[in-house]
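Asker: Attaching a single structure in C-alpha coordinates format; questions to follow.
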Amino acid sequence: MSDYPAHSKLIAIAVQSGVPAFWEGPPGVGKTSIFYALAKKLDVPCVVQIGSIMEPSDFGFPVPEGQYIVRKPLKWVEELRDTNGILVFDELPHAAPAVQAGMLRVIFEGVVGDTPLGPNVKRAAIGNPVDMVGGWDMNPALANRFCRVKWDMTGYHKVWLKGMIEGWNDLDVPVLPEGWQTRIPHWKAVIGAFAAEIAPHTLLNFPEAKSQQTEAWPSPRMWENGAVIMAAAEPFGVDAQFQLLAGCVGEGAAGEFITFYKNADLPEPEKLLLDPNLFPKTKAGQEYIIYAILTGTMSVLY
(Lines give C-alpha, C1' and ligand atoms only; values in the text may rest on other atoms or scores of the structure.)
Protein backbone atom coordinates (compact mmCIF):
# COMPACT_ATOMS: atom_id res chain seq x y z
CA MET A 1 0.00 0.00 0.00
CA SER A 2 1.23 3.48 -0.86
CA ASP A 3 1.81 6.09 1.79
CA TYR A 4 -0.29 9.25 1.80
CA PRO A 5 0.90 12.86 2.05
CA ALA A 6 0.79 14.02 5.68
CA HIS A 7 -1.98 16.55 5.04
CA SER A 8 -4.08 13.82 3.40
CA LYS A 9 -4.50 12.46 6.92
CA LEU A 10 -6.03 15.76 7.94
CA ILE A 11 -8.53 15.84 5.09
CA ALA A 12 -9.46 12.19 5.72
CA ILE A 13 -10.14 12.93 9.40
CA ALA A 14 -12.21 16.01 8.57
CA VAL A 15 -14.32 14.23 5.95
CA GLN A 16 -15.07 11.25 8.18
CA SER A 17 -16.05 13.56 11.04
CA GLY A 18 -18.85 14.97 8.90
CA VAL A 19 -17.51 18.52 9.07
CA PRO A 20 -17.47 19.98 5.53
CA ALA A 21 -13.86 20.24 4.37
CA PHE A 22 -12.14 22.31 1.69
CA TRP A 23 -8.80 21.14 0.33
CA GLU A 24 -6.77 23.78 -1.46
CA GLY A 25 -3.67 22.96 -3.46
CA PRO A 26 -1.89 23.17 -6.83
CA PRO A 27 -3.45 21.50 -9.87
CA GLY A 28 -2.35 18.02 -10.83
CA VAL A 29 -1.10 16.72 -7.47
CA GLY A 30 -3.80 14.07 -6.89
CA LYS A 31 -6.30 15.70 -4.55
CA THR A 32 -9.31 14.10 -6.25
CA SER A 33 -7.58 10.71 -6.35
CA ILE A 34 -7.15 10.74 -2.60
CA PHE A 35 -10.87 11.30 -2.11
CA TYR A 36 -11.56 8.26 -4.29
CA ALA A 37 -8.98 6.30 -2.27
CA LEU A 38 -10.69 7.30 0.99
CA ALA A 39 -14.08 6.25 -0.38
CA LYS A 40 -12.62 2.91 -1.45
CA LYS A 41 -11.08 2.38 1.98
CA LEU A 42 -14.43 3.13 3.64
CA ASP A 43 -16.35 1.16 0.99
CA VAL A 44 -18.70 4.05 0.27
CA PRO A 45 -19.71 5.85 -2.95
CA CYS A 46 -17.93 9.04 -3.96
CA VAL A 47 -19.58 11.54 -6.32
CA VAL A 48 -17.46 14.37 -7.74
CA GLN A 49 -19.22 17.40 -9.22
CA ILE A 50 -17.18 19.92 -11.23
CA GLY A 51 -18.03 23.35 -9.89
CA SER A 52 -16.71 25.21 -12.93
CA ILE A 53 -19.37 23.71 -15.22
CA MET A 54 -22.28 23.81 -12.78
CA GLU A 55 -25.22 26.21 -12.86
CA PRO A 56 -27.44 27.37 -9.96
CA SER A 57 -30.30 25.26 -11.35
CA ASP A 58 -28.16 22.13 -10.84
CA PHE A 59 -29.14 22.35 -7.18
CA GLY A 60 -32.81 21.92 -7.98
CA PHE A 61 -34.99 22.40 -11.06
CA PRO A 62 -38.41 23.98 -10.39
CA VAL A 63 -41.00 21.31 -11.26
CA PRO A 64 -44.80 21.44 -10.74
CA GLU A 65 -46.03 18.86 -8.25
CA GLY A 66 -49.73 19.13 -7.52
CA GLN A 67 -50.50 22.63 -6.35
CA TYR A 68 -46.84 23.34 -5.49
CA ILE A 69 -43.57 23.99 -7.27
CA VAL A 70 -40.75 21.80 -5.94
CA ARG A 71 -37.07 21.81 -6.76
CA LYS A 72 -36.03 18.44 -8.14
CA PRO A 73 -32.35 17.44 -8.01
CA LEU A 74 -30.13 15.84 -10.64
CA LYS A 75 -29.33 12.12 -10.77
CA TRP A 76 -26.16 12.38 -8.67
CA VAL A 77 -28.27 13.35 -5.66
CA GLU A 78 -30.18 10.07 -5.84
CA GLU A 79 -26.88 8.17 -6.14
CA LEU A 80 -25.76 9.58 -2.79
CA ARG A 81 -29.04 9.95 -0.95
CA ASP A 82 -29.27 8.01 2.32
CA THR A 83 -25.81 6.49 1.92
CA ASN A 84 -22.55 6.92 3.86
CA GLY A 85 -20.98 8.38 0.73
CA ILE A 86 -18.88 11.44 -0.02
CA LEU A 87 -19.92 14.42 -2.15
CA VAL A 88 -17.00 16.43 -3.53
CA PHE A 89 -17.30 19.76 -5.33
CA ASP A 90 -14.19 19.99 -7.50
CA GLU A 91 -12.73 23.21 -8.92
CA LEU A 92 -14.70 25.23 -6.38
CA PRO A 93 -12.89 28.56 -6.96
CA HIS A 94 -13.80 28.27 -10.65
CA ALA A 95 -17.50 28.03 -9.79
CA ALA A 96 -19.27 31.28 -10.59
CA PRO A 97 -20.41 33.31 -7.55
CA ALA A 98 -24.05 32.38 -8.21
CA VAL A 99 -23.08 28.69 -8.15
CA GLN A 100 -21.12 29.14 -4.94
CA ALA A 101 -24.20 30.72 -3.41
CA GLY A 102 -26.21 27.70 -4.50
CA MET A 103 -23.77 25.46 -2.62
CA LEU A 104 -24.37 27.13 0.76
CA ARG A 105 -27.21 24.91 1.93
CA VAL A 106 -25.74 21.80 0.32
CA ILE A 107 -22.43 22.24 2.13
CA PHE A 108 -23.75 23.06 5.57
CA GLU A 109 -27.12 21.29 5.77
CA GLY A 110 -26.74 18.54 3.17
CA VAL A 111 -29.91 19.61 1.35
CA VAL A 112 -30.04 19.90 -2.46
CA GLY A 113 -33.06 21.84 -3.64
CA ASP A 114 -35.85 20.29 -1.58
CA THR A 115 -34.07 16.94 -1.18
CA PRO A 116 -32.04 16.08 1.93
CA LEU A 117 -29.03 13.91 1.19
CA GLY A 118 -29.33 12.19 4.55
CA PRO A 119 -27.38 12.59 7.79
CA ASN A 120 -24.48 10.33 6.82
CA VAL A 121 -23.44 11.87 3.50
CA LYS A 122 -20.14 13.74 3.89
CA ARG A 123 -19.50 16.99 1.99
CA ALA A 124 -16.15 18.29 0.78
CA ALA A 125 -14.64 20.54 -1.87
CA ILE A 126 -11.37 20.87 -3.74
CA GLY A 127 -9.78 23.91 -5.34
CA ASN A 128 -6.63 25.51 -6.67
CA PRO A 129 -5.38 28.81 -5.21
CA VAL A 130 -7.05 31.72 -7.00
CA ASP A 131 -3.76 33.61 -7.21
CA MET A 132 -2.28 30.62 -9.05
CA VAL A 133 -4.95 29.73 -11.61
CA GLY A 134 -7.57 32.48 -11.39
CA GLY A 135 -11.25 32.14 -10.55
CA TRP A 136 -13.37 33.68 -7.80
CA ASP A 137 -12.58 33.95 -4.10
CA MET A 138 -15.12 32.19 -1.91
CA ASN A 139 -17.69 34.50 -0.41
CA PRO A 140 -17.33 34.75 3.40
CA ALA A 141 -20.58 32.86 4.06
CA LEU A 142 -19.33 29.83 2.10
CA ALA A 143 -15.79 30.09 3.44
CA ASN A 144 -17.14 29.96 7.00
CA ARG A 145 -18.75 26.60 6.37
CA PHE A 146 -15.52 24.71 5.71
CA CYS A 147 -12.64 23.25 7.66
CA ARG A 148 -9.71 24.38 5.51
CA VAL A 149 -6.76 22.12 4.70
CA LYS A 150 -3.93 23.31 2.46
CA TRP A 151 -1.74 21.05 0.34
CA ASP A 152 1.86 20.81 1.53
CA MET A 153 4.51 19.72 -0.98
CA THR A 154 6.97 18.75 1.79
CA GLY A 155 8.13 15.19 1.10
CA TYR A 156 5.57 14.78 -1.66
CA HIS A 157 8.14 13.65 -4.26
CA LYS A 158 8.71 10.43 -2.29
CA VAL A 159 4.98 9.77 -1.97
CA TRP A 160 4.51 10.44 -5.68
CA LEU A 161 7.32 8.06 -6.65
CA LYS A 162 5.92 5.27 -4.49
CA GLY A 163 2.45 5.84 -5.89
CA MET A 164 3.79 5.71 -9.46
CA ILE A 165 5.38 2.33 -8.79
CA GLU A 166 2.75 0.72 -6.54
CA GLY A 167 -0.39 2.40 -7.84
CA TRP A 168 -2.69 5.09 -6.48
CA ASN A 169 -5.86 3.13 -5.87
CA ASP A 170 -4.54 1.54 -2.68
CA LEU A 171 -3.41 4.66 -0.87
CA ASP A 172 -3.34 4.04 2.86
CA VAL A 173 -5.58 6.64 4.48
CA PRO A 174 -6.53 6.75 8.18
CA VAL A 175 -9.93 5.54 9.36
CA LEU A 176 -11.53 6.95 12.49
CA PRO A 177 -11.88 4.39 15.31
CA GLU A 178 -15.29 3.29 16.48
CA GLY A 179 -16.72 5.37 19.29
CA TRP A 180 -14.81 8.56 18.54
CA GLN A 181 -18.10 10.49 18.73
CA THR A 182 -18.31 9.85 22.48
CA ARG A 183 -15.66 12.55 22.96
CA ILE A 184 -17.73 15.27 21.27
CA PRO A 185 -19.56 16.34 24.49
CA HIS A 186 -16.23 16.82 26.25
CA TRP A 187 -14.83 19.04 23.52
CA LYS A 188 -18.10 20.97 23.23
CA ALA A 189 -17.96 21.73 26.93
CA VAL A 190 -14.33 22.86 26.89
CA ILE A 191 -14.60 24.87 23.67
CA GLY A 192 -17.90 26.38 24.80
CA ALA A 193 -16.34 27.54 28.06
CA PHE A 194 -13.33 28.96 26.24
CA ALA A 195 -15.19 30.87 23.52
CA ALA A 196 -18.02 32.09 25.75
CA GLU A 197 -16.26 32.76 29.07
CA ILE A 198 -12.48 32.75 28.79
CA ALA A 199 -11.96 34.44 25.42
CA PRO A 200 -15.30 35.84 24.22
CA HIS A 201 -13.46 37.92 21.62
CA THR A 202 -12.86 34.68 19.75
CA LEU A 203 -16.51 33.62 19.57
CA LEU A 204 -17.16 35.74 16.49
CA ASN A 205 -14.28 37.58 14.89
CA PHE A 206 -15.14 38.58 11.33
CA PRO A 207 -11.93 39.79 9.64
CA GLU A 208 -11.81 43.38 8.48
CA ALA A 209 -9.36 42.61 5.69
CA LYS A 210 -11.21 41.27 2.66
CA SER A 211 -8.40 38.85 1.84
CA GLN A 212 -8.85 37.15 5.23
CA GLN A 213 -12.62 36.83 4.92
CA THR A 214 -12.15 33.94 2.46
CA GLU A 215 -9.95 32.03 4.92
CA ALA A 216 -10.77 30.34 8.24
CA TRP A 217 -12.13 32.69 10.92
CA PRO A 218 -13.98 32.08 14.19
CA SER A 219 -17.77 32.01 14.39
CA PRO A 220 -20.16 30.10 16.69
CA ARG A 221 -20.87 27.69 13.82
CA MET A 222 -17.20 26.91 13.23
CA TRP A 223 -16.43 26.53 16.96
CA GLU A 224 -19.18 23.89 17.06
CA ASN A 225 -17.61 22.18 14.05
CA GLY A 226 -14.28 22.54 15.80
CA ALA A 227 -15.53 20.50 18.76
CA VAL A 228 -16.41 17.65 16.39
CA ILE A 229 -13.02 17.99 14.69
CA MET A 230 -11.19 17.87 18.04
CA ALA A 231 -12.98 14.64 18.95
CA ALA A 232 -12.27 13.06 15.55
CA ALA A 233 -8.60 14.08 15.54
CA GLU A 234 -7.92 13.15 19.17
CA PRO A 235 -6.61 9.63 18.33
CA PHE A 236 -4.07 11.21 15.96
CA GLY A 237 -2.43 13.66 18.35
CA VAL A 238 -2.40 17.32 19.35
CA ASP A 239 -0.72 18.50 16.15
CA ALA A 240 -3.51 17.07 14.00
CA GLN A 241 -6.08 18.59 16.37
CA PHE A 242 -4.46 22.03 16.18
CA GLN A 243 -4.15 22.02 12.39
CA LEU A 244 -7.77 20.98 11.89
CA LEU A 245 -9.10 23.39 14.51
CA ALA A 246 -7.07 26.14 12.83
CA GLY A 247 -8.74 25.10 9.58
CA CYS A 248 -12.09 25.86 11.24
CA VAL A 249 -11.45 29.03 13.25
CA GLY A 250 -8.05 30.28 12.13
CA GLU A 251 -4.60 29.81 13.61
CA GLY A 252 -4.86 32.67 16.10
CA ALA A 253 -8.04 31.47 17.81
CA ALA A 254 -6.95 27.83 17.60
CA GLY A 255 -3.60 28.67 19.19
CA GLU A 256 -5.32 30.53 22.04
CA PHE A 257 -7.60 27.55 22.68
CA ILE A 258 -4.81 24.94 22.62
CA THR A 259 -2.78 27.06 25.07
CA PHE A 260 -5.81 27.41 27.36
CA TYR A 261 -6.50 23.68 27.24
CA LYS A 262 -2.90 22.77 28.08
CA ASN A 263 -2.84 25.21 31.01
CA ALA A 264 -6.21 24.01 32.31
CA ASP A 265 -4.57 20.61 32.82
CA LEU A 266 -7.85 18.70 32.94
CA PRO A 267 -7.48 15.14 34.27
CA GLU A 268 -8.02 12.25 31.89
CA PRO A 269 -11.50 10.76 32.51
CA GLU A 270 -10.22 7.18 32.73
CA LYS A 271 -7.68 8.11 35.45
CA LEU A 272 -10.24 10.22 37.30
CA LEU A 273 -12.63 7.26 37.52
CA LEU A 274 -9.87 5.18 39.09
CA ASP A 275 -8.78 7.94 41.48
CA PRO A 276 -11.39 10.65 42.32
CA ASN A 277 -8.68 12.51 44.27
CA LEU A 278 -7.37 13.72 40.90
CA PHE A 279 -10.36 16.05 40.64
CA PRO A 280 -8.74 19.53 40.69
CA LYS A 281 -9.53 22.21 43.24
CA THR A 282 -11.40 24.93 41.39
CA LYS A 283 -12.01 28.56 42.23
CA ALA A 284 -15.21 30.58 42.02
CA GLY A 285 -16.03 31.35 38.41
CA GLN A 286 -14.36 28.20 37.15
CA GLU A 287 -17.53 26.15 36.88
CA TYR A 288 -16.64 25.54 33.24
CA ILE A 289 -13.76 23.32 34.39
CA ILE A 290 -16.11 21.18 36.50
CA TYR A 291 -18.54 20.93 33.58
CA ALA A 292 -15.80 19.95 31.15
CA ILE A 293 -14.46 17.28 33.50
CA LEU A 294 -17.90 15.82 34.16
CA THR A 295 -18.89 15.71 30.49
CA GLY A 296 -15.58 14.07 29.63
CA THR A 297 -16.11 11.47 32.35
CA MET A 298 -19.69 10.81 31.24
CA SER A 299 -18.48 10.32 27.67
CA VAL A 300 -16.25 7.50 28.91
CA LEU A 301 -19.02 5.87 30.95
CA TYR A 302 -21.68 6.08 28.26
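Asker: For 79, 91, write out the residues from largest to smallest accessible area, computed with a 1.4 angstrom probe and no ligands counted. List each step's numbers first, then the result.
Answerer: Working: 79 95, 91 70 Å².
So, going from the largest accessible area down, we get 79, 91.
Asker: Now a separate question. Provide Rg over Rh for segment 29-122; use the alpha carbon set for both Rg and the Kirkwood Rh (inverse mean inverse pair distance).
Answerer: Expressed as Rg/Rh, it is 0.99.
Asker: Could you list, in their original order, any pairs among 75/188; 40/75; 122/158; 40/162 whose Cα atoms are separated by more than 28 Å?
Answerer: With Cα atoms farther than 28 Å apart: 75/188; 122/158.
Asker: Another question, if that's okay. Normalised by the residues of segment 1-73, what does the relative contact order come to in percent, with Cα pairs under 8 Å and at least six apart?
Answerer: 14 percent
Asker: Per residue, how much accessible area does segment 14-113 have with a 1.4 Å probe, in Å²?
Answerer: I get 44 Å² per residue for segment 14-113.
Asker: Determine the dipole magnitude for segment 29-76: charges of +1 sit on the beta-carbon of Lys and Arg, -1 on that of Asp and Glu, nothing else is charged, the reference point is the Cα centre, and the result goes in debye to the nearest 20.
Answerer: Here segment 29-76 has a charge dipole of around 200 debye.
Asker: If the chain between residue 165 and residue 104 were fully stretched, how many nm would it gain, using 0.36 nm times the residue separation less the Cα-Cα distance?
Answerer: Length gained between residue 165 and residue 104: 18.0 nm.
Asker: Give the percent of DSSP beta bridges with both residues in segment 1-142 that are antiparallel, rounded to the nearest 5.
Answerer: The answer is about 35 percent antiparallel.
Asker: Here is a further query. Roll a 1.4 angstrom probe over the protein heavy atoms and tell me the percent of accessible area of segment 12-143 that is carbon or sulfur. Don't jump to the answer; show the numbers that get you there.
Answerer: Values: 3070 of 5720 Å².
Reported share for carbon and sulfur atoms: 54 percent.
Asker: Follow-up question, since we're still on this one. Take each of the peptides 13-20, 25-32, average the number of other beta-carbon atoms within 10 Å over its residues, and list them starting from the highest.
Answerer: Ranked from most to least packed, the peptides come out as 13-20, 25-32.
Asker: When only Cα pairs under 8 Å and 6 or more residues apart are kept, what is the percent relative contact order across segment 164-255?
Answerer: Details: 90 pairs, mean separation 24.2, N = 92.
It comes to 26 percent, rounded to a whole number.
Asker: Around residue 46, what is the net charge, scoring Lys/Arg as +1 and Asp/Glu as -1 over all other residues with Cβ under 12 Å from its Cβ?
Answerer: +1
Asker: Related question: How high is the relative contact order of segment 202-250, in percent, counting Cα pairs under 8 Å that sit 6 or more residues apart?
Answerer: Taking the mean separation of contacting Cα pairs over the length of segment 202-250, I get 40 percent.
The values are calculated or read from the model by the stated rules, or taken from the named source; none is laboratory data. Treat the numbers as computed from the prediction; the structure is a model and nothing was measured. Positions of Cβ are backbone-derived with ideal geometry, glycine not excepted, and every protein chain shown enters the neighbour counts. Protein only, heavy atoms only, side chains kept; ligands, DNA and RNA dropped before computing areas. Shrake-Rupley method; radii C 1.70, N 1.55, O 1.52, S 1.80 Å.
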